[in-house]
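The values are calculated or read from the model by the stated rules, or taken from the named source; none is laboratory data. In this text, all values refer to a predicted model and were calculated from it rather than measured experimentally. Quick reminder, even Gly has a Cβ in these numbers, built from the backbone with ideal geometry, and neighbours come from all protein chains shown. Quick note on the areas: whole protein, heavy atoms, side chains included, nothing else; ligands and nucleic acids left out. Shrake-Rupley method; radii C 1.70, N 1.55, O 1.52, S 1.80 Å.
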Amino acid sequence: MANNNIYVTMPTLAPLEDVTELLKGVWERGILTHNGPLIQRFEKEVAEFLRIKNIVSVVNGTLAIQLAIKALDLKGEIITTPFTFIATISSIRWEGCTPVFVDIDPETLNIDPRKIEERITKNTCAILPVHVFGNPCPIEEIDEIAKKHNLKVIYDAAHAVGVNYNGKCIFEYGDISTTSFHATKMLNTAEGGACFALNDKIHEKMKRLRFFGYDNKKDAVDDGTNAKMTEVHAAMGIANLKYLKQALDDRKEKYTLYKERLSVNPDLKFQRINQDCNYSYFPVIFPSETILLKVEKDLNAQNIYPRRYFYPSVNTYKDIVPYIKMPVSEDIANRILCLPLYYDLTREDIIKIANCTLEVLG
Ligand SMILES: Cc1ncc(COP(=O)(O)O)c(C=O)c1O
């Protein structure tokens with residue numbers, strides 16, 4: 001049931017008729033999964049829209065990372081960021097590897113390439129950075145370190161649909177990039193994700209891995225799993241893709257409005273963008289956690305629900321990983337709040353939220 005609450009985000013949804021039209025075909029054919037025609041169409045249309053060579057759609061962005069690790073046959077330590085969603089870390093651990101944290105750059109909020117080499121050991125097999133909030137990592141620097149130490153690179157690009165870097169789609173970097181089509185993402189299939197590899201052999205392997213390890217002759221030739229997206233989810237993806245450009249333009253406009261309004265207070269800090277971004281989130285860094293909590297409380301009182309994201313810094317999940325201090329990530333995680341940002345949010349809503357935030361700061 002609709003209510004007047006304003007949440008941190010809401011899915012961007014195509015008109016229902018667009019989806020039901022596609023679903024009629026699903027019902028007529030009786031094909032619900034197994035690389036059906038809508039999956040093939042979804043993959044083709046996404047590849048065309050993003051100008052990418054290869055795509056392997058999967059059930060979610062978490063399994064996309066797991067498939068990527070499996071496809072590269074990684075064993076040992078994987079260098080990653082503590083300023084991410086827990087799924088980055090759980091995927092590494094579920095594949096039997098060990099996450100090794102490297103602190104972040106306080107401006108870009110991405111892994112700090114200057115700190116990577118000191119954490120490389122003889123057991124390091126890969127670097128798995130995250131393009132946080134769709135902001136591209138310093139790809140050249142990371143690739144140079146990876147080459148020097150003979151390491152693989154997987155980019156967790158869960159937030160980065162629609163982002164370009166040096167004139168090409170962000171998904172074409174690293175040995176593999178992965179993304180998420182979760183309900184909250186710029187392009188959603190309710191739940192979903194994808195893996196991208198320019199190397200055709202790796203691409204073909206990921207296709208097999210998502211389908212129990214079967215090859216074309218139905219021989220199980222890889223240690224696979226079931227990560228197939230369904231026709232119903234693909235129908236949502238095809239319908240929503242038609243509105244992606246509109247959604248991206250809208251996000252940028254709203255992001256700019258927030259930034260203009262909030263920049264009048266020099267105590268508020270914003271993520272430094274590296275070239276391009278899809279502006280899918282509006283993170284604000286407050287001078288202290290106390291002020292953040294006061295802003296959150298005042299917004300909640302008006303039925304506005306921003307989200308502390310990412311919070312806490314994942315290196316502090318002591319039940320999951322041995323604690324190693326990551327001062328920058330922990331400090332940022334304590335002071336960062338994502339303000340509401342989505343397609344149906346109005347300019348008036350943004351002005352109200354920005355004003356309320358500024359009032360707390362005085
Ligand atoms: C950085 C990051 N990686 C991975 C994921 C996992 O994606 P999914 O929810 O599609 O499994 C998320 C989810 O939000 C994420 O934020």
Inset, instruction - Determine whether residue 284 is aliphatic (A, V, I, L, M), assigned to a strand (DSSP E or B) and under 22 Å from residue 81 (Cβ atoms). - result: yes
Inset, instruction - Please work out which one of (1) open to solvent by less than 20 Å² (accessible area, probe 1.4 Å); (2) under 19 Å from the mean Cα position of the chain (by Cα) is the condition residue 162 fails and give its number. - result: (1)
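Residues checked against (1) farther than 15 Å from residue 43 by Cα; (2) basic (Lys, Arg); (3) near the ligand (Cβ under 10 Å from one of its atoms):
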{"position": "182", "(1), (2), (3)": "yes, no, yes"}
{"position": "193", "(1), (2), (3)": "no, no, yes"}
{"position": "199", "(1), (2), (3)": "yes, no, no"}
{"position": "202", "(1), (2), (3)": "yes, no, no"}
{"position": "205", "(1), (2), (3)": "yes, yes, no"}
{"position": "210", "(1), (2), (3)": "no, yes, no"}
{"position": "214", "(1), (2), (3)": "yes, no, no"}
Inset, instruction - Find the residue count for the stretch 70-86, including only residues that are within 12 Å of the ligand (Cβ to nearest atom) and either among the basic types (Lys, Arg) or under 16 Å from residue 145 (Cβ atoms) (or both). - result: 2
Inset, instruction - Test residue 257 against the stated conditions and say whether it is of a type in the set (A, V, I, L, M, F, W, C), open to solvent by less than 80 Å² (accessible area, probe 1.4 Å) and under 24 Å from residue 136 (Cα atoms). - result: yes
Inset, instruction - Might you let me know whether the stretch 220-242 holds any residue that is closer than 30 Å to residue 282 by Cα, more than 15 Å from the ligand (Cβ to nearest atom) and of a type in the set (Lys, Arg)? - result: yes
Inset, instruction - Identify all residues within the stretch 1-12 that are open to solvent by less than 40 Å² (accessible area, probe 1.4 Å) and assigned to a loop (DSSP other than H, G, I, E, B); write none if there are none. - result: 8, 9, 12
Legend entry - Complete set of residues in the stretch 131-169 that are within 15 Å of the ligand (Cβ to nearest atom) and in contact with a Leu (Cβ under 9 Å, 6 or more places away or on another chain): 132, 133, 135, 154, 155, 156, 161
Legend entry - Members of the stretch 72-92 found to be open to solvent by 10 Å² or more (accessible area, probe 1.4 Å) and either out of contact with any strand residue (DSSP E or B) (no Cβ under 7 Å at 6 or more places or on another chain) or assigned to a strand (DSSP E or B) (or both), listed by number: 73, 77, 85, 86, 87, 90
Inset, instruction - Could you list, in sequence order, all residues of the stretch 32-69 that are within 16 Å of the ligand (Cβ to nearest atom) and part of a helix (DSSP H, G or I)? - result: 42, 46, 61, 62, 63, 64, 65, 66, 67, 68, 69
Legend entry - Residues of the stretch 13-48 satisfying the condition of being within 25 Å of residue 171 (Cα to Cα), modelled with pLDDT of 95 or more and open to solvent by 70 Å² or more (accessible area, probe 1.4 Å): 13, 40, 41, 44, 48
Legend entry - For residue 206: the one exception among (1) in contact (Cβ under 8 Å) with a residue 60 or more places away in the chain; (2) open to solvent by 20 Å² or more (accessible area, probe 1.4 Å); (3) in contact with a helix residue (DSSP H, G or I) (Cβ under 6 Å, 6 or more places away or on another chain): (2)
Inset, instruction - Confirm whether residue 296 is more than 23 Å from the chain's Cα centre (by Cα) and either surrounded by 15 or more Cβ atoms within 10 Å (Cβ to Cβ) or more than 17 Å from residue 159 (Cα to Cα) (or both). - result: yes
Legend entry - Considering residues of the stretch 222-244 that are assigned to a loop (DSSP other than H, G, I, E, B) and open to solvent by 50 Å² or more (accessible area, probe 1.4 Å) only, the residue nearest to residue 210 (Cα to Cα): 225
Legend entry - Close pairs (6 angstrom Cβ cut-off, 6 or more residues apart or separate chains): open to solvent by 20 Å² or more (accessible area, probe 1.4 Å) in the stretch 51-71, within 15 Å of the ligand (Cβ to nearest atom) and of a type in the set (Gly, Ala, Ser) anywhere: 59/227; 60/193; 62/87; 62/91; 63/227; 66/91
Inset, instruction - Mind listing whichever residues of the stretch 139-168 are outside any helix (DSSP H, G or I), more than 29 Å from residue 249 (Cα to Cα) and in contact (Cβ under 8 Å) with a residue 24 or more places away in the chain? - result: 149, 151, 152, 153
